[in-house]
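A quick write-up on the structure given underneath.
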Amino acid sequence: MTKAEEIVIRSIHGIEELEEVRKLESSIWGETDSIPAHQTLTAAKNGGLVIGAYCEGKLIGFQYSFPGFNGQSAYLCSHILGIDERFRNKGIGEKLKLAQREEALKLGYSLITWTYDPLESVNGYLNIAKLGGVCSTYIANCYGEMEDLLNSGIPSDRFLVEWHIDKKETTDSSGQGMPLDFVMENSLIQWDTVEKGLPVPSFTRPLPEQECETAFVALPKDFRTIRVTNIQAANEWRMKTRDIFTGLFQQGWQVTGFMKNSMTEIPVQFYMLSRK
């Protein structure tokens, strides 16, 4: 990205700009059933946020959130974050989330929540390692069967992330000094590498004993390619990770870290969990 393509992040309030958000959402997910601008406008006027990322004046990414209430306290529900395919993997998602944090603090929020597919390693790295979110809730088939470009073919399982924004802005949970060999050996999911170097889950280990303080769960580096090229393997990853995380969360564990490895011969990343 050149200096001429510098990204500008700002809040969006007007109906015309919110219509551009709707169009971008539709193009990213390949759907015509996008959130109408009158709904995002109403949310933005009543405790919600719509934040846009612009390149040379053109909208290339956005984040939409609305207020939530659990019966005791209010929080911000971060519903959608989308980036034009041509601008992904450039740190724009992180910029949008940090702007969201800043604006949410101004509105008096201390907590932002959202869901994401735990098998999407890029999102896991951002949400857990870089932003410092934690997760102890697994929602099986959260949105039912989805037919959009990014979700079709497998159950829509999701992590529910809690981001306590009144704490440190970011946290370094991308490794915590753990040797990679140790993490690989102790991962609760083991894998085989098949055609094109893609991983397929082979077997799972028993859940940790009570005295253990840290647990590791592998996930593919490139789940989207697996979903497109080998739907059976994609569903195996879905079901095995569902069983592991559901069992861990029931025992009082929570996801607190994400270990990203850059070794091309190792086709997985790792979640790190600790007891609450």
Item to check | Student exercise, the chain dipole from Lys, Arg, Asp, Glu Cβ charges, in Debye to nearest 20 | outcome: 440 debye
Next on the checklist: At 1.4 Å probe size, with the rest of the protein present, what percent of the exposed accessible area of the stretch 165-271 is carbon and sulfur atoms?
Outcome noted: 48 percent
Item to check | Cα-based reach from Lys221 at 26 Å (exclusive), listing lysines while leaving out same-chain residues under 8 positions away | outcome: Lys90, Lys95, Lys97, Lys130, Lys196, Lys240, Lys260
Next on the checklist: Sequence gap at least 6, Cα distance under 8 Å: using those rules, report the relative contact order of the chain to the nearest whole percent.
Outcome noted: 15 percent
Next on the checklist: Taking the Cα centroid of the stretch 74-120 and of the stretch 240-276, what is the distance between the two, rounded to the nearest whole Å?
Outcome noted: 21 Å
Item to check | Three-way shape label, the stretch 105-264, alpha-carbon gyration tensor, a/c 1.5 | outcome: oblate
Checklist entry - If the label point is 7 Å along Cα→Cβ of Leu180, which residues in the stretch 238-276 have backbone nitrogen under 14 Å from it? => result 259-270
Checklist entry - If you average the sequence gap of Cα pairs under 8 Å that are 6 or more apart and divide by the length of the stretch 1-129, what percent do you get for the contact order? => result 22 percent
Next on the checklist: Suppose only helical runs count, i.e. DSSP H with n ≥ 4. What mean residue ellipticity at 222 nm does that imply for the chain under -39500 (n - 2.57) per run, divided by all residues and rounded to the nearest 500 deg cm²/dmol?
Outcome noted: -8500 deg cm²/dmol
Next on the checklist: For the stretch 187-261, I need the span (max minus min coordinate) of the C-alpha atoms along each principal axis, in Å, sorted largest to smallest.
Outcome noted: 39, 23, 17
Checklist entry - In square angstrom, what is the accessible area per residue of the chain with a 1.4 angstrom probe? => result 49 Å²
Item to check | Highest to lowest packing among 237-243, 14-20, scored as the average C-beta count within 10 Å | outcome: 237-243, 14-20
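The values are calculated or read from the model by the stated rules, or taken from the named source; none is laboratory data. Please read these numbers as outputs of a predicted model, since none were measured by experiment. A quick note on method: Cβ atoms are made from the backbone with ideal geometry, for glycine too, and the neighbour counts reach across all protein chains shown. Remember, those area values only see protein heavy atoms, side chains included, never the ligands or the DNA or RNA. Shrake-Rupley method; radii C 1.70, N 1.55, O 1.52, S 1.80 Å.
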